[in-house]
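The values are calculated or read from the model by the stated rules, or taken from the named source; none is laboratory data. All values derive from a computational prediction rather than experimental measurement. We place every Cβ from the backbone using ideal geometry, glycine too, and count neighbours over all the protein chains shown. Quick note on the areas: whole protein, heavy atoms, side chains included, nothing else; ligands and nucleic acids left out. Shrake-Rupley method; radii C 1.70, N 1.55, O 1.52, S 1.80 Å.
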Amino acid sequence: MSVDQGKVVLITGASSGIGFDTALRLLKKGCIVYGAARRTELLDRLESAGGHSVFLDLNDNCSIEHCVQTVIKNEGRIDILVNNAGYGLGGCLENISINEAKEQFEVNVFGLMRMSQLVIPHMREQHSVRIINISSVAGLFSSPCLGWYHASKYSVEALSDALRLEVAQFGIKVVIIEPGLTGTNWGIIAAKGIRAHSTGTVYEQSGGSTAEFYEKFYENKKLISKASKISEKIEEACCASHPRLRYPVGKFSKRFVFAAKVFSDSFLDYLKKQIFRLK
């Protein structure tokens, strides 16, 4: 694998975890890397390594436009967009307000697509460019207390498949990364949200047991993949001459994909009830 020296890469959610590690990897490949995040003070490490930081709030269309325009103004092009930013909204569907659900989609779905819409006109003028969308195995099945998060990742899968067909004629490749359980703070944040939305409601028992599952699971380092494992696969998707359409990666990811394709819905429901100790 190789990547041309001087490729301009824009990575969202680059202040920590998978996004930050991916930025460092691509810098070592000789890329010009822009890391985008709301908390730009956390990007000082990236700048120290030779990268560039840019403010980005995916809830704000003006911020999204300014982010892309900044890179275009400085570099004249964007060769690779890595749509990595996102979060998991935890809580039973009845207890999540529609405003909270809209914010989940604003970041995980609409922000991702707005970034893509803005870079595609510039990418059409180039050759060998690509958009890397970080989805999840959570886009292949659903589990309790994370319904809106699953819905957002299902949307990323569907939109990426459609976009890939639409922009292929311009030489733009669209790749989906599907991480499994990863050693970031995602699980702890999701569990905290589940507890907050469930306490004092009819879902207190089921929400509590589900949150406890994620807390214990993410505490066991043997059961989750390091963020570097995911960023390594993103690097591969960025550098391969002919990248795959999808990259399931991380602990249990291929098992999740297999289970979603092979087992019946009723059997999967039974397994989930056992795993999360639901009635």
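Only the Cβ atoms of Lys and Arg (+1) and of Asp and Glu (-1) were treated as charged; on that basis the dipole of region 66-215 about its Cα centre amounts to roughly 440 debye. Among the protein heavy atoms of the chain, carbon and sulfur supply 54% of the accessible surface, probe 1.4 Å, non-protein parts ignored. For residue 214, what accessible area in Å² do you get when you roll a 1.4 Å probe over the heavy atoms of the protein chains, rounding to the nearest 10? Accessible surface of residue 214 is approximately 20 Å². Protection proxy ranking for 252-259, 6-13, using the average of other Cβ atoms within 10 Å per residue and placing the highest first: 6-13, 252-259.
Springs between Cα atoms under 10 Å define the GNM used for the chain, and in it the highest mean-square fluctuation of 18, 80, 72 occurs at 72. Under the convention that each Lys and Arg Cβ holds +1 and each Asp and Glu Cβ holds -1, the size of the dipole of region 9-71 around its Cα centre is about 320 debye.
Computed about its Cα centre, the charge dipole of region 119-199 is approximately 220 debye, with only Lys, Arg, Asp and Glu carrying charge at their Cβ. Values of log10 I(q)/I(0) for region 1-142 across q = 0.15, 0.20, 0.22 Å⁻¹ run -0.74, -1.22, -1.42, by the Debye formula with one identical scatterer at each alpha carbon and no solvent. Of the cross-linked pairs 28/233; 233/254; 173/261, those separated by over 19 Å at the C-alpha level are 173/261. Secondary-structure-derived ellipticity at 222 nm for the chain, considering helices only, amounts to -15500 deg cm²/dmol, per-run term -39500 (n - 2.57) for DSSP H runs with n ≥ 4. Entry for region 200-279 at q = 0.25, 0.26 Å⁻¹: log10 I(q)/I(0) = -1.17, -1.20, Debye formula applied to identical alpha-carbon scatterers, no solvent contribution. Take every DSSP beta bridge whose two residues both sit in region 124-265; close to 10 percent of them are antiparallel.
For region 106-240, the relative contact order is 25 percent, taking Cα pairs closer than 8 Å that sit 6 or more residues apart in sequence and dividing their mean separation by the residue count.
Each Cα pair under 8 Å and six or more residues apart adds its separation to the average, and for region 34-185 the resulting relative contact order is 22 percent. Note on region 83-237: dipole from Cβ charges, positive end direction compared against 148, 84, 209; the farthest Cα belongs to 84.
Straight-line cross-link partners of residue 102 among the lysines, defined as a Cα under 24 Å from its Cα and at least 8 positions apart when in the same chain: 153, 192. Given (i) 32, 25, 15; (ii) 36, 22, 18; (iii) 33, 20, 18 as candidate values of semi-axes √(5λ) of the Cα gyration tensor in Å, which corresponds to the one derived from the coordinates? Calculated semi-axes √(5λ) of the Cα gyration tensor in Å: the matching label is (iii).
Taking Cα atoms only, the orientation of helix 17-28 departs from the longest principal axis of the chain by about 20 degrees.
Taking Cα atoms only, the orientation of helix 253-262 departs from the longest principal axis of the chain by about 60 degrees. Looking at the chain, the DSSP beta bridges with both ends there are about 5 percent antiparallel. With N counted as the residues of region 1-80, its alpha-carbon radius of gyration over 2.2 N^0.38 Å works out to 1.01. Each part reduced to its alpha carbon centroid, region 11-44 and region 193-250 end up 20 Å apart.
Short-range pairs are left out: with C-alpha atoms under 8 Å and at least six residues apart, the relative contact order of the chain is 19 percent. The share of Cα pairs per 5 Å bin across region 146-279, counted from zero up to the longest distance, runs 2, 9, 13, 19, 20, 15, 10, 6, 4, 1, 0 percent.
Reported to the nearest whole Å, the Cα centre-to-centre distance from region 110-142 to region 146-183 is 7.
Each 10 Å bin, from zero up to the one with the longest distance, holds this percent of the alpha carbon pairs of region 96-169: 18, 46, 25, 10, 1. I need the GluC sites (Glu not before Pro) found in region 63-129, filtered to DSSP loop residues with at most 14 other beta carbons within 10 Å of theirs. Sparse-neighbourhood loop GluC sites (Glu not before Pro): 125. Heavy atoms of the protein chains alone define the surface here; on that basis the chain has 48 Å² accessible area per residue at 1.4 Å probe size.
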